[in-house]
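Below is one structure, written out as structure tokens; the observations come after it.
The values are calculated or read from the model by the stated rules, or taken from the named source; none is laboratory data. None of the values given here were measured: they were computed from a predicted structure. Because the Cβ atoms are built from the backbone with ideal geometry, glycine has one as well, and the counts that use them run over all protein chains shown. Keep in mind that these areas ignore ligands, DNA and RNA; they rest on the heavy atoms of the full protein, side chains included. Shrake-Rupley method; radii C 1.70, N 1.55, O 1.52, S 1.80 Å.
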Amino acid sequence: MIRIEHLVKSFGPLEVLKDISTEVATGEVVAIIGPSGSGKSTLLRCINLLEIPTAGHIFVDGVDITSSKCDILKVRQNVGMVFQHFNLFPHKTVMGNLTYAPMTVKGLSKADAGKIAIDLLAKVGLSEKVDQYPSRLSGGQKQRVAIARALAMEPDIMLFDEPTSALDPEMVKEVLDVMKGLADTGITMCIVTHEMGFAREVADRVLFLDGGYLVEDAPPDIFFTSPKSDRAQQFLEKVL
Amino acid sequence: MNLDFGQILPSLPFILKGVLVTLQFTLLSALFGFTLGTLLSLLKISSIKPLRWFAEFYTSIFRGTPLILQLALVYFATPQIIGYKISPIEAGVFTFALNSAAYSSETIRAGIMAVDKGQREASMSLGVAYRPMMLDIILPQAFKNILPALVNESIALLKDSALVSTIGVLDLMRRAQVVAGQTFLYFEPLIVVGVIYYVMVMGLTQAAQVLERRMRRSD
Ligand SMILES: Nc1ncnc2c1ncn2[C@@H]1O[C@H](COP(=O)(O)OP(=O)(O)OP(=O)(O)O)[C@@H](O)[C@H]1O
Ligand SMILES: [Mg+2]
């Protein structure tokens, strides 16, 4: 479970997140949407401390990760992240990408990490790519490997920052399908996305950010049919 | 002008032994220099200001003074200051490593900065600590990018290594001078070692090109 209390994030004088409070229950799938520059990525990156919050608290499974006593590396082991541009390790094979962190961070043996990797690759439908280098993969395949890489750490929470935005249209579906499958496994997911159809179908809740404010926090049927705020209405008119 | 290469023929084995000395010297200097240069480059990108200042200051010292002066200082002043009778080869490797660290740290820093910051973020998001992240993810990619520059730095080291002849290391250059002193022929031994230097530099350049091409193919 994630609880966010009065979260503020500034870059110098620029306040990017303004007093955000919300909760994400265990197993919940939350879609984060909003216009460009509204702070979606920043919010997501605060949850695994890629950005250090300026003020406020974030609790992950009851632990205050904003506390100075908190072990950042421990938090990150439990919170996987998938990036828009995949960020696979280009000098490692698919297998190497998947086993690196489990071996280095958790101290798993090569055999154990390999077993997990093989399993995950089967799940994302890329078993035959195990010995390929990332440069040999299509965008959709890269992103599925990146999802598997994050899952290899067996996190309780997965963060996705526009996982399909850098993909050719015909590859979007294969990635969304993997994510749908993942949503059914009971893992907690926070997804920044522009795929409104996907958000509507898969998310349990939608967070709408605008100008650093959390403007709407509602189930998808309510958000997409009758948003409370003008700004959400305007946004939806533009994107739907 | 009458050239007499025949007269230095007996000295050829003596001169050729210098190839080993020079290569060994260059290799050691490059190895220590690049290692130290990597550490310096990490200081330069550190978020801790005094560490950055130290690294910048260090670099400016070694770039701002003549190498031959640094060499003389290390060789002649070490016994005086710490009472250790440093051997010429030790003084040479030590000075060249420190000097090369200053130059290569700039190159390595640039190489690290050129690695996509997504690589760092991906490592961090997986819970990987700073050290393994640098050693396993960032530096291998950085070194791949700057390999040509490091080869150039090694070539410069190889040529500059002739300076250690001034403190008595029996390298290629020094051996040419010894032979010249014995035979009273200057042109011939100097030309011979000149050709040897040239061949070594060209060999290194070729090897680097092959390596680069092979690496580009693996992309
Ligand atoms: N490291 C940073 N330094 C300074 N400003 C930043 C930094 N990261 C983000 N910002 C600024 O914070 C604001 C919010 O950025 P953020 O990336 O969170 O937006 P976003 O909603 O994800 O937008 P997009 O849809 O374009 O990805 C923007 O104005 C951006 O310029
Ligand atoms: Mg973003």
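Quick notes
- Scanning segment A:65-79 for residues that are more than 7 Å from chain B (Cβ to nearest Cβ) and in contact (Cβ under 8 Å) with a residue 40 or more places away in the chain gives A:ASN78, A:VAL79.
- Subset of segment A:2-29 [part of a loop (DSSP other than H, G, I, E, B) and either within 14 Å of ligand 2 (Cβ to nearest atom) or touching a His at 6+ places or on another chain (Cβ under 8 Å) (or both)]: none
- Scanning segment A:203-215 for residues that are surrounded by 18 or more Cβ atoms within 10 Å (Cβ to Cβ) and touching a strand residue (DSSP E or B) at 6+ places or on another chain (Cβ under 6 Å) yields A:ALA203, A:ARG205, A:VAL206, A:LEU207, A:PHE208, A:GLY212, A:LEU214, A:VAL215.
- Criterion: assigned to a loop (DSSP other than H, G, I, E, B) and within 12 Å of another protein chain (Cβ to nearest Cβ) - qualifying residue of A:PRO102, A:PRO90: A:PRO90
- Segment B:162-189, subset outside any helix (DSSP H, G or I) and in contact (Cβ under 8 Å) with a residue 60 or more places away in the chain, residue farthest from B:PHE96 (Cα to Cα): B:LEU185
- Condition check for A:MET1: in contact with a Ser or Thr (Cβ under 6 Å, 6 or more places away or on another chain) and either under 19 Å from A:GLU216 (Cα atoms) or surrounded by fewer than 22 Cβ atoms within 10 Å (Cβ to Cβ) (or both): yes
- Restricting attention to segment A:160-192, the residues that are more than 16 Å from ligand 2 (Cβ to nearest atom) and either more than 22 Å from A:PRO219 (Cβ to Cβ) or assigned to a helix (DSSP H, G or I) (or both) total 16.
- Members of segment B:140-161 that are in contact (Cβ under 8 Å) with a residue 24 or more places away in the chain and within 14 Å of another protein chain (Cβ to nearest Cβ): B:GLN141, B:ALA142, B:PHE143, B:LYS144, B:ASN145, B:LEU147
- Considering residues of segment B:109-128 that are facing chain A (nearest Cβ under 9 Å) and assigned to a loop (DSSP other than H, G, I, E, B) only, the residue most open to solvent (accessible area, probe 1.4 Å): B:ASP116
- Of all residues in segment A:105-139, those satisfying the criterion of being open to solvent by 60 Å² or more (accessible area, probe 1.4 Å) and within 11 Å of chain B (Cβ to nearest Cβ) are A:LYS106, A:TYR133, A:SER135, A:ARG136.
- Residues satisfying the stated conditions in segment A:30-59, i.e. within 14 Å of another protein chain (Cβ to nearest Cβ), of a type outside the set (A, V, I, L, M) and either buried (at least 21 other Cβ atoms within 10 Å of the Cβ) or assigned to a helix (DSSP H, G or I) (or both): A:SER41, A:THR42, A:ARG45, A:CYS46, A:ASN48
- Pairing residues of segment B:190-209 that are of a type in the set (Gly, Ala, Ser) with residues that are open to solvent by less than 80 Å² (accessible area, probe 1.4 Å), at Cβ distances under 7 Å and at least 6 apart in sequence or on separate chains, gives B:ALA208/B:PRO148; B:ALA208/B:VAL151.
- Test: residue in segment B:129-139 that is within 13 Å of chain A (Cβ to nearest Cβ), part of a helix (DSSP H, G or I), open to solvent by less than 10 Å² (accessible area, probe 1.4 Å) and of a type in the set (Ser, Thr, Tyr): no
- Residue match in segment A:210-219 (condition: touching a helix residue (DSSP H, G or I) at 6+ places or on another chain (Cβ under 7 Å) and more than 20 Å from A:LEU17 (Cβ to Cβ)): no
- Of the set (1) without any contact (Cβ under 8 Å) to a residue 60 or more places away in the chain; (2) open to solvent by 10 Å² or more (accessible area, probe 1.4 Å); (3) more than 16 Å from ligand 2 (Cβ to nearest atom); (4) within 15 Å of the chain's Cα centre (by Cα), all apply to A:GLU195 but (3).
- Residue within segment A:13-26 that is open to solvent by 10 Å² or more (accessible area, probe 1.4 Å), aliphatic (A, V, I, L, M) and within 11 Å of ligand 1 (Cβ to nearest atom) present: yes
- Residue that is farthest from A:HIS194 (Cα to Cα) [pool: residues in segment A:63-84 that are assigned to a loop (DSSP other than H, G, I, E, B) and among the small types (Gly, Ala, Ser)]: A:SER68
- Filtering segment A:150-168 to residues that are within 11 Å of another protein chain (Cβ to nearest Cβ), over 23 Å from A:GLY114 (Cα atoms) and open to solvent by less than 10 Å² (accessible area, probe 1.4 Å) leaves only A:LEU159.
- A:SER229 fulfils the conditions (1) open to solvent by 20 Å² or more (accessible area, probe 1.4 Å); (2) in contact with a Lys or Arg (Cβ under 9 Å, 6 or more places away or on another chain); (3) small (Gly, Ala, Ser); (4) free of Cβ contacts under 8 Å to residues at least 60 places away in the same chain except for a single criterion, (2).
- Filtered residue count, segment A:140-149, keeping only those that are open to solvent by 10 Å² or more (accessible area, probe 1.4 Å) and farther than 18 Å from A:HIS91 by Cα: 0
- Residue that is nearest to the other protein chains (Cβ to nearest Cβ), among those in segment B:171-219 that are in contact with a Ser or Thr (Cβ under 8 Å, 6 or more places away or on another chain) and over 18 Å from B:PHE14 (Cβ atoms): B:ASP219
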